[in-house]
Every structure is written in structure tokens, then in C-alpha cells.
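Quick notes on the structure that follows.
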Amino acid sequence: MTKECPLCNPPQGQEKVLFSNSVFRIIQVEEPQFPGYFRVISQKHVKEMSDLPVNEQILIIEALSKMEEIIIETMQPTKVNWAQLGNMVPHLHWHLIARYEDDATFPGSIWSSVIQKTELEHIKDREAKAKEAALKITRMAEERF
Ligand SMILES: [Zn+2]
């Protein structure tokens, strides 16, 4: 835990936490262009995956994999993207994002340049599905972890 780290000390009300235990927490990220965006954040302030004990690594991968299944079944994306960078915030965390052929930056990463505009109707439909996926993710995590 460090004082300056925004993942050790998220500003009040900033994170929409779906689930939390001693190893990780799952949050839903509000990113208007990308409904179906979640993060899994290690509860420990470590930089790399290999800094965690193996049992915690396994739990995190299992959570990500089960979340991916839920996103696929609920949101029918073209692809689910996993990203683990930590260049800006060196506190171990994953981005899990539902991607669609017509989203703003597809086939680039979500941080790539915007190349197209998604129809509002599609965004609205995906927002509703993302809400449903969030509920299922919470239920899954409470049962399994
Ligand atoms: Zn931290």
C-alpha cells in the first residue's frame, strides 16, 4: 500500500466495485465508448504478476476467465480483450473489455486512435447488456470466491 497509488487509495466514490475479497476486487468501468469494460485489481501493491504468490495468481486468472465467459454469453462481443500494462499505474491490474467490429477503435486497442463512430442505438443496447453482465459477475464471484 502506498499513499500516492490511485489503486491503493481510489478517490471516494470513483470505483464501482462489483466484488471484493482479500486477493482482488472487480470493478465496472464507465467508459461511454466501451460498454462492457471491467477491471480486476490486485489488493496488494505489487508491480508484476510474478510478485504474487501462485495461489493468488491462479485465483485472479480464474476470475478473469469466468468474467470472460459471462461477457461472451451476455454481450456477444466480436472479441474480449485482456490487457495488463501498469506503465502508468504500477499496481497489478487487468482490463477486460468487450469489443465489437463497429466500436470506436476496433481493431486497435481501446487506447488507439478513434477511427469510427458507433451508432448510439448499439451503444445503448450494449450498456443494458453490460449492466446484466455486471450482475452476473457479482453473483459468480460471490459464489466462487
Ligand atoms: Zn497501489
Checklist entry - Any idea what angle helix 120-144 forms with the longest principal axis of the chain, computed on alpha-carbon atoms, 0 to 90 degrees, nearest 10? => result 30
Checklist entry - How much length, in nm to one decimal, is gained on full extension between T2 and K79, taken as 0.36 nm per residue of separation minus their Cα-Cα distance? => result 24.2 nm
Item to check | Simple label model, 7 Å out from Cα along Cβ direction - Q116 to H45, nm | outcome: 4.3
Item to check | Table column - 3J(HN,Hα) (Hz), segment 75-84, Karplus curve with 6.51, -1.76, 1.60, x for Gly and Pro | outcome: 10, 6, x, 5, 7, 9, 9, 10, 9, 9
Checklist entry - Within a Cβ distance under 14 Å of L18, other residues only, what is the Lys/Arg minus Asp/Glu net charge? => result +3
Checklist entry - With charges set only on the Cβ (+1 for Lys and Arg, -1 for Asp and Glu), what does the dipole of the chain come to about its Cα centre, in debye to the nearest 20? => result 280
Next on the checklist: Can you compute the modelled spin-label distance between E31 and M88, with each label point 7 Å from Cα toward Cβ, in nm?
Outcome noted: 0.9
Checklist outcome for this item: In segment 63-106, taking the dipole from +1 charges on Lys and Arg beta carbons and -1 charges on Asp and Glu beta carbons about the Cα centre, the listed residue (S65, L85, F106) farthest towards the positive end is L85
Item to check | Cα-based reach from K129 at 12 Å (exclusive), listing aspartates and glutamates while leaving out same-chain residues under 8 positions away | outcome: E73
Next on the checklist: What is the distance in Å between the Cα centroid of segment 13-68 and that of segment 73-96?
Outcome noted: 9
Checklist entry - Out of every Cα-Cα pair in the chain, what percent are more than 24 Å apart? => result 32
Next on the checklist: Taking the alpha-carbon distance from K47 and a cut-off under 18 Å, which lysines remain once sequence neighbours fewer than 8 residues away in the same chain are dropped?
Outcome noted: K3
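Values in this text are rule-based calculations from the coordinates and carry no lab data. No experiment lies behind these values; they were computed from the predicted model shown. FYI the Cβ positions are ideal-geometry reconstructions off the backbone, even for glycines, and counts take in every protein chain you see.
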